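Note sheet for the following structure.
The values are calculated or read from the model by the stated rules, or taken from the named source; none is laboratory data. Remember, it's a predicted structure, so these values are computed and weren't measured experimentally. Please note: Cβ atoms are built from the backbone with ideal geometry, for glycine as well, and neighbour counts cover all protein chains shown. Each accessible area value is taken on the protein alone, full model and side chains, heavy atoms only, with ligands, DNA and RNA left out. Shrake-Rupley method; radii C 1.70, N 1.55, O 1.52, S 1.80 Å.
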Amino acid sequence: MVRELTIFEWTKRTSSLPYLERRREIQRFVRPAQSRFLYKYRAIDPESDLSIERLRSIVVGGELWFSSPLDFNDPFDMSMSIVLGGSAKDKRRRYDAILKENGVPFKKRQEMVGRLARTPTQDIERLLRDSHTKQLGTTGVFSFAGDPRNILMWSHYAQDHSGVCLQFERARDYQFLSAALLVRYSPDFPVVDWTSDFQESLSEVLLRKFDGWAYEKEERIIRLGEANSIQRVQPEALTAIIMGCRISSASEKVISNLMAERLSAGYPLVRIYRAREELANYALRLELVDDSQQVTATDS
């Protein structure tokens, strides 16, 4: 009898295949289908060493900074509405299970469960919200966008179209980038019943965002307990850099220098594109700057 591979085992095996075989395997078996490319918008200040170094860390070093959700520009991100459903017996059972997981002895658990059972529900819910906020403070998140031609994204995250948009190809570091999951957008918080389905609902919370942000088409990698840390993606996964339609000549020089650094480090060059404003409608088109450079073309 052939044992089925776990998702982790299949991802590891697929990641070890040659590039074209890897792409075919992903297209054949991954459902729902994942986007081929992921995008990261970045500002550039050619007068700031820190700005250049932050871009270099991604473009040359493959270093991605995983932020805490508490530092996001949206204070509602990863919020939830917590309720305590079920009977009094269900709640006592849940309290006892949590205390047991934390190593509290039986006799002490009985005492604490009784005290918690007498605590007003609104006080317990407040404690749970505080605990969730504390956990978010230690959760690391790296966010990708889904569209390199989005006018609002260029305005909000790439310094009013004067920055860049970095393109990553998922298959070129599938073990790392397969973890990027689509965010779901909604006008309402997800409702989580702590008594019965808290763990099952956690992924819904971590991937839920106010629907006013739907234009971002965000995908995010989430690492519990790894906030404010650097995680590495294979440098080969960066396959294109798109320059904004207002990029300065000084910023273009920064990009040129970073490409030289990649070449010196033995990494493949990437294709360079420039975003151009359409003349007859609200849209951007992408023009290839140098067709002699390597790697697959941008394809949304």
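Structure above, values below:
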| read-out | value |
| --- | --- |
| Lys100 - accessible surface, heavy atoms, 1.4 Å probe, Å² rounded to 10 | 130 Å² |
| Cα-based shape type of the stretch 30-82, given that a ≥ b ≥ c are square roots of the gyration tensor eigenvalues and the cut on a/c is 1.5 | oblate |
| Share, in percent, of DSSP beta bridges within the chain that are antiparallel, nearest 5 | 75 percent |
| Heavy-atom accessible area per residue - the chain, 1.4 Å, Å² | 55 Å² |
| Residue among Arg36, Arg22, Arg109 with the largest mean-square fluctuation in a Gaussian network model of the chain, springs linking Cα atoms under 10 Å | Arg109 |
| Charge dipole magnitude, Cβ of K and R +1, D and E -1 - the chain, Cα centre, debye nearest 20 | 1240 debye |
| Per residue, the convex hull volume that the Cα atoms of the stretch 143-236 enclose (Å³) | 124 Å³ |
| Sulfur and carbon atoms: percent of accessible area, the stretch 110-178 [1.4 Å] | 49 percent |
| Restraint check, Lys134/Lys209; Lys91/Lys134; Lys40/Lys209; Lys12/Lys217, Cα-Cα greater than 24 Å | Lys12/Lys217 |
| Helix-only CD estimate at 222 nm, as mean residue ellipticity for the chain, using -39500 (n - 2.57) per DSSP H run (n ≥ 4) | -11000 deg cm²/dmol |
| Shape of the stretch 1-116, Cα gyration tensor, a/c cut at 1.5 | oblate |
| The stretch 66-121 - Rg over Rh from alpha carbon coordinates, Kirkwood radius | 1.17 |
| Cα-based reach from Lys89 at 27 Å (exclusive), listing lysines while leaving out same-chain residues under 8 positions away | Lys100, Lys107, Lys108 |
| Quarter of Cα convex hull surface for the chain, i.e. mean projection, nm² | 20.8 nm² |
